[in-house]
1. Taking the condition in a strand (DSSP E or B) and polar (S, T, N, Q), does T90 pass?
2. Could you list, in sequence order, the residues of segment 300-314 that are in contact with a Lys or Arg (Cβ under 8 Å, 6 or more places away or on another chain) and surrounded by 11 or more Cβ atoms within 10 Å (Cβ to Cβ)?
3. Within segment 146-182, how many residues are assigned to a loop (DSSP other than H, G, I, E, B) and more than 23 Å from R55 (Cα to Cα)?
4. Take the residues in segment 146-167 that are closer than 24 Å to K84 by Cβ and touching a His at 6+ places or on another chain (Cβ under 9 Å); name whichever of them is surrounded by the fewest Cβ atoms within 10 Å (Cβ to Cβ).
5. Mind checking which residues of segment 41-52 are among the aliphatic types (A, V, I, L, M) and open to solvent by 40 Å² or more (accessible area, probe 1.4 Å)?
6. Can you find, within segment 123-145, the residue that is nearest to E170 (Cα to Cα) among those that are assigned to a helix (DSSP H, G or I) and open to solvent by less than 10 Å² (accessible area, probe 1.4 Å)?
7. Name the residue that is surrounded by the most Cβ atoms within 10 Å (Cβ to Cβ), counting only residues in segment 263-299 that are within 17 Å of T227 (Cα to Cα) and either over 18 Å from the mean Cα position of the chain (by Cα) or of a type in the set (S, T, N, Q) (or both).
8. What is the one condition in (1) in a loop (DSSP other than H, G, I, E, B); (2) open to solvent by less than 30 Å² (accessible area, probe 1.4 Å) that V223 does not satisfy?
Amino acid sequence: MTAAGPTQDPVAAPAPAPGSAPASDGPLAARRLLYLTEEQTAAYVDEELALEAARAAFAATVDSEVFTSLAVHGSDPRNRFTLKPSASATHAGVKIGTYWPDNEEHGLPRHHSTLLLLDQTVGRIAAVLEVGTANAYRTAAADALAVDLLARADATTLAVFGTGHQAAYEVAAVSRVRAIGEVLVVGRTVERAERMAAALVAQGHNARAAGAEEACGRADVIVTATTARADTPPLFEAAWVRPGTHLSCMGADAPGKRELPPQLFDRARVFCDLPEQARRMGESQHAPDGTVLTPLGDVLTHRAAGRADADDITVFDSSGIGLQDLYLGLALLKKMDISL
C-alpha cells in the first residue's frame, strides 16, 4: 500500500509519494497536504509498533514539555471530543478524539480519532491521519506498558471491565507482556459479557464472563475500559481487590468520569501519564488530597520506583497524552516510508 493517493480538491493537494516530504514552491507557498485514510493506517498498525511508540512517548515525558488535554462536547452535549496537543524536538500536532454515542445507527464506531501534524516551518497542517483503529492500539499499548512495569511478573489472570470496542485490544496488548492464562469479562449485563468472552475465545484467549466480585477476587491484573461516570456507582468495591493486584484504569479521561471506588486509593500506589491532568480529568480527580501520583515515564526511565512489594496494589491512571499520539503517528509514517 502506498501513501494517500491524489485528490482534485484545490485545498487538499496531492499527497507526496512514499519517502518524500510535502512539496513547496517556496517557504510561504501553499504546501501539499498528506492525507492517510483510516484503512491505510489500520493496515500498518500492530501491537508491536504501538507498544514501541508508547515506550518512546513515555520516555519523552521526562525531558519534554507535556501539554494537558482538553475535553469538550459537540452541539449535542452527548457528543464529546478531546483535543490532545503535543510537541517533540522535531514535530508537533494535535489529536482529535471523538465519541458520538449514536454512531452505531449509522454503521460507524462510536469512537474515532484524527491526528493533525503541523508543518514546523510555516505552521500549517502538513498531514492528516485518520487513526481510529490505531488509537485503539495506542490506548492498549499504554496499558501494556504499565502492566509490564508495575504488575507482578507471575500475573496470569486478567479481569476486564467493559465490553465495548476497546476491551479486546486491551486483552491482546496485556497478553503480550504477561502470560495470561485466563480472562474474566465483566459487563453491564451478562449477555454483553458473554458476547465479549465468546469473541475473545474466537481470538484464542481462554475467556469467560464473570461477576465483578469474582473477577476482582481472582485477578492479578484488572483493566477498566468503560464510559462510567461519577453519578453512577463504581464498577466494584475496594474490598474485593486483593493485595498484589495491578489495575489499569483506561476509561476516565474527562471531568465527571469515574470507574474505581475512591476508597481504593487508600490502599494503592498510584501512577499516571501526567499528574496535573490526572487530577483534573483522570481517575485521580476522585483521589483524596495528598495522594502521591508518580509519572509512568519516571518509572520507565528509572527515575522512580515501580512495584516495591509483591503485595502492593498498583494503579495506572491513564487519561491519555498527546505525545502518545504524536509518536504513534510518526511510527506509522516511518513504517510507510513517509517523511515530513
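1. No; evaluated as a whole, the condition is false for this residue.
2. Correct list: L300, R307, D312, I313, T314.
3. 4
4. H165
5. A43
6. Restricting to residues being assigned to a helix (DSSP H, G or I) and open to solvent by less than 10 Å² (accessible area, probe 1.4 Å), the top hit is A140.
7. S284
8. Status for V223: all satisfied but (1).
The values are calculated or read from the model by the stated rules, or taken from the named source; none is laboratory data. This one's a predicted model, so the numbers in the text were calculated from it and none came from an experiment. No Cβ is skipped: glycine too gets one built from the backbone with ideal geometry, and neighbour counts run over all protein chains shown. Areas reflect the complete protein model, heavy atoms only, side chains present, ligands, DNA and RNA absent. Shrake-Rupley method; radii C 1.70, N 1.55, O 1.52, S 1.80 Å.
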